[in-house]
1. Return yes when V64 is under 23 Å from T52 (Cα atoms) and within 16 Å of the ligand (Cβ to nearest atom) and no when it is not.
2. Step by step: first the residues of segment 53-81, then only those that are in a strand (DSSP E or B) and of a type in the set (G, A, S), then the one that is nearest to N122 (Cα to Cα). Which residue is that?
3. Would you be able to say whether some residue in segment 108-131 is buried (at least 17 other Cβ atoms within 10 Å of the Cβ), under 13 Å from N77 (Cβ atoms) and within 20 Å of the chain's Cα centre (by Cα)?
4. Kindly evaluate G84 against the criterion of being surrounded by 11 or more Cβ atoms within 10 Å (Cβ to Cβ), of a type outside the set (S, T, N, Q), in a loop (DSSP other than H, G, I, E, B) and modelled with pLDDT of 95 or more.
Amino acid sequence: MSKKKKQMKRTADNRKFIFWAVGIVALIAIVFTVKGIYGSRPGGSPGGSPQTPAVAQLEGNVQVLYMKVSAAGYSPNYLAVKQGVPVKIITDSTQDAGCVRGFVAPDLGINQALNVGKDEINFTPTKSGQIAFTCQMRMSTGTIEVS
Ligand SMILES: [Cu+2]
């Protein structure tokens, strides 16, 4: 093969490579765009609240839930309970949780400073619907679904 022919072949190979590279990048871009449009399910918030709530387990006549409290917020932060049955949320708070340990639920009349380590939030939901709760500075949020 002459030098010129080699050069031409290389150019053709480069063109092929660029064609495939551009094609693959375009395909990935399309996949991510479609995911972006259809990937976010209805009801999902930008904050990323989970779609399926943590369901309280009945222990005796009390509905029990467990919730971790840290600087990252409440986990889980979407809880499901039944109306008219006492609820006990057993919390486990980290030392560095800061204002997240200030549990505020105006609908329940609760404004409670949670102890580091284990503590409890107790209430009885009297009506169905959603109860919002936040940390003291309203940065971390959550929802209790009452049915
Ligand atoms: Cu806060």
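1. The answer is no for V64.
2. Per the criteria, the residue is A80.
3. Yes, because at least one residue in segment 108-131 is buried (at least 17 other Cβ atoms within 10 Å of the Cβ), under 13 Å from N77 (Cβ atoms) and within 20 Å of the chain's Cα centre (by Cα).
4. Answer is yes for this residue.
The values are calculated or read from the model by the stated rules, or taken from the named source; none is laboratory data. Since this is a predicted model, take the numbers as computed values, not measurements. Counting neighbours? That spans all protein chains shown, and the Cβs are built from the backbone with ideal geometry, glycine included.
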